[in-house]
Amino acid sequence: MRPDNSGSLSGAAAFSTEERDAVYKAILTRRDVRSEFLPDPIPDDVIIRLLSAAHHAPSVGFMQPWNFILVRDQQVKEAVWQAFDYANREAGEMFQGERQQLYRSLKLEGIRAAPLSICVTCDPNRCGDVVLGRTHNPRMDSYSTVCAVQNLWLAARAEGVGVGWVSIFHESDIKRILGVPERVEIVAWLCVGYVDQLYQQPELAVKGWRQRLPLEELVFMDLWGNSTE
């Protein structure tokens with residue numbers, strides 16, 4: 001592949017205060033949406049902006065391993081919901097006592113409510129067997145695809161679009177429903193739709209599942225376990 005010589009370096013000054021605040025607002029107010037979806041369809045130009053944001057994510061070796069399957073068909077979404085429901089009942093059996101009761105009370109998806117779903121996949125063969133940056137960590141293609149998911153999510157927040165990440169399913173079931181090749185990994189099933197309200201804090205914190213950990217407990221200096229103080 002020939003190099004692209006059209007690019008050049010440009011300035012990298014900090015954003016204006018307003019631009020910077022907008023970026024942090026998107027990060028800090030992003031939520032995993034399950035129950036707040038509106039039925040309004042998302043215009044095609046908005047979808048293209050979201051996918052473009054995802055496609056501009058960083059990727060190791062610039063391999064861009066992602067694909068995006070847009071799902072609007074209700075029968076397809078119903079089949080995926082059935083796969084979720086089966087796995088979710090399995091998951092409920094993995095918890096005990098009050099934890100199990102709380103788990104079963106949580107709504108963990110919006111597959112049928114959201115007007116659009118996006119299945120984000122990762123093709124490990126996109127750049128062949130030997131990929132720059134993946135030579136010693138074969139998971140870097142998956143990690144790159146997660147960056148695309150995050151880009152899409154933050155762009156969606158800026159557009160007033162909610163996103164919910166569904167991960168409770170057997171991958172083989174979703175591959176069968178969507179006809180995804182065996183070699184391709186399903187990284188995320190995203191429920192996508194407009195919202196007019198969001199939780200001020202993550203829903204799992206509001207519902208008492210877990211609380212945000214203090215940042216200072218997660219930061220070390222130079223060596224594992226070294227306090228920054």
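Key figures
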| read-out | value |
| --- | --- |
| Check on VAL206, in contact with a Phe, Trp or Tyr (Cβ under 7 Å, 6 or more places away or on another chain), surrounded by fewer than 16 Cβ atoms within 10 Å (Cβ to Cβ), more than 23 Å from ALA79 (Cβ to Cβ) and modelled with pLDDT of 95 or more | yes |
| Residue in region 174-183 that is under 27 Å from VAL33 (Cβ atoms) and in contact with a Ser or Thr (Cβ under 8 Å, 6 or more places away or on another chain) present | yes |
| Verdict on PRO181 being more than 15 Å from the chain's Cα centre (by Cα), part of a loop (DSSP other than H, G, I, E, B) and over 30 Å from GLN75 (Cβ atoms) | no |
| Complete set of residues in region 98-139 that are among the aliphatic types (A, V, I, L, M), closer than 26 Å to PRO65 by Cα and out of contact with any strand residue (DSSP E or B) (no Cβ under 9 Å at 6 or more places or on another chain) | VAL130, VAL131, LEU132 |
| Long-range neighbours under 6 Å by Cβ, at least six apart or interchain, first residue under 15 Å from LEU190 (Cβ atoms) and of a type in the set (A, V, I, L, M) within region 52-68, second buried (at least 19 other Cβ atoms within 10 Å of the Cβ) and at pLDDT 95 or above | ALA53/ASN151; ALA53/LEU152; ALA53/ALA155; ALA54/ALA148; ALA54/ASN151; ALA54/LEU152; ALA57/ALA148; ALA57/ASN151 |
| Which numbered condition ILE168 misses (of (1) outside any loop (DSSP other than H, G, I, E, B); (2) open to solvent by less than 50 Å² (accessible area, probe 1.4 Å); (3) in contact (Cβ under 8 Å) with a residue 60 or more places away in the chain; (4) not hydroxyl-bearing (Ser, Thr, Tyr)) | (1) |
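The values are calculated or read from the model by the stated rules, or taken from the named source; none is laboratory data. Small disclaimer: the values here were computed from a predicted structure and weren't measured. With ideal geometry, Cβ positions are generated from the backbone for all residues, glycine too; neighbour counts draw on all protein chains shown. Heavy atoms of the whole protein, side chains included, go into the accessibility calculation; ligands, DNA and RNA do not. Shrake-Rupley method; radii C 1.70, N 1.55, O 1.52, S 1.80 Å.
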